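In what follows, a single structure is set out as structure tokens and then discussed.
No value in this document is a laboratory result; all are computed from the given coordinates. No experiment lies behind these values; they were computed from the predicted model shown. Here the Cβ positions follow ideal geometry from the backbone for every residue, glycine too, while neighbour counts run over all protein chains shown.
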Amino acid sequence: MSIKIHQTIADRFGYRLVRKEKMVEVSQQPKEHLKLLLENLHINHVLDIGANTGQYAGMLREIGYEGKISSFEPVQSCFDELVKKSQEDSKWNVYHYALGKEDSRANINVSIATAFSSFLTPNDYANNRYKRIQASHTEHVEVKRLDSVFDNITTPREKVYLKLDTQGFDLQAFAGAKGCMERILGMQSEVSATAIYEGMPDYLNSLQVYQNSGFRLTGLYPIAWDEPSMRVIEFDCYMRRM
């Protein structure tokens, strides 16, 4: 039986055939892993929580993802940049608020390097390592639960992927998705092995929370190291609902 026929049968049941050697190659590349995960889950709507200035959305287009993107960013200067970039992409919507455990308003520390902006306070280790993590000012921003806005930004038939990168606030944003969790087929989160914010959960705790909600790990990639000690600072973890 030809590969084409096998793939046709697999497609009918929602699967994709991948050669073993290709799977090994893909597993070693985070972007390729994400591309494969999105394709296998037939994702057509990515929720980009903690969008900063749109780096993740840009990367999605680079790897060939053509579906909808909804980006959430509370920091004013970053949101202004998102608005400019998204105007050229009809499938990219942007929202000017943070996602959290409850609907509220809160102060966010806007770092000199805005990618470090967080509701949490950088610890001594981070201040010594990352000079531009220091706050230039704070902003009083709107925070919403994802499940309070989910039906307004998605449609019932969409296959949704959740991306979390909120500088220590991922579990809070995840807790606010309890009411729409069954609609989320895959997710990724930046998890901490060496804390850089006060009160930041570690990766073991984060993975346990995600697993308890029905997700299973498909990939775990270190994205920052402490060079002298070779300690991992943060991982990007990729998961799917099982």
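Please give the peptides 46-56, 139-149 ranked by average Cβ packing (other Cβ atoms within 10 Å per residue), highest first, as a rough proxy for protection.
Working: 46-56: 23.5, 139-149: 17.5.
Highest-to-lowest ranking by the protection proxy: 46-56, 139-149.
Contact order, relative form, for the range 25-241: 19 percent (alpha carbon pairs under 8 Å, 6 or more residues apart, mean separation divided by residue count).
Taking label positions 7 Å along the Cα-Cβ direction at both residue 113 and residue 63, the computed distance is 2.2 nm, reported to one decimal. Within the listed set 187, 230, 59, the residue fluctuating most in the Gaussian network model of the chain (springs between alpha-carbon atoms under 10 angstrom) is 230.
Count the DSSP beta bridges whose two residues both fall in the chain, then state the antiparallel fraction as a percent rounded to the nearest 5. Kindly include the intermediate steps, with their values, before the conclusion.
Details: 27 of 49 bridges.
Counting only bridges with both partners in the chain, antiparallel ones make up about 55 percent.
When the C-alpha to C-alpha distance is required to be over 27 Å, the pairs from 35/101; 85/159; 31/85 that qualify are 35/101. Can you give the FRET efficiency to the nearest 0.05 for residue 212 and residue 151, using r as the Cβ-Cβ distance and R₀ = 25 Å? For residue 212 and residue 151, the calculated efficiency is 0.55.
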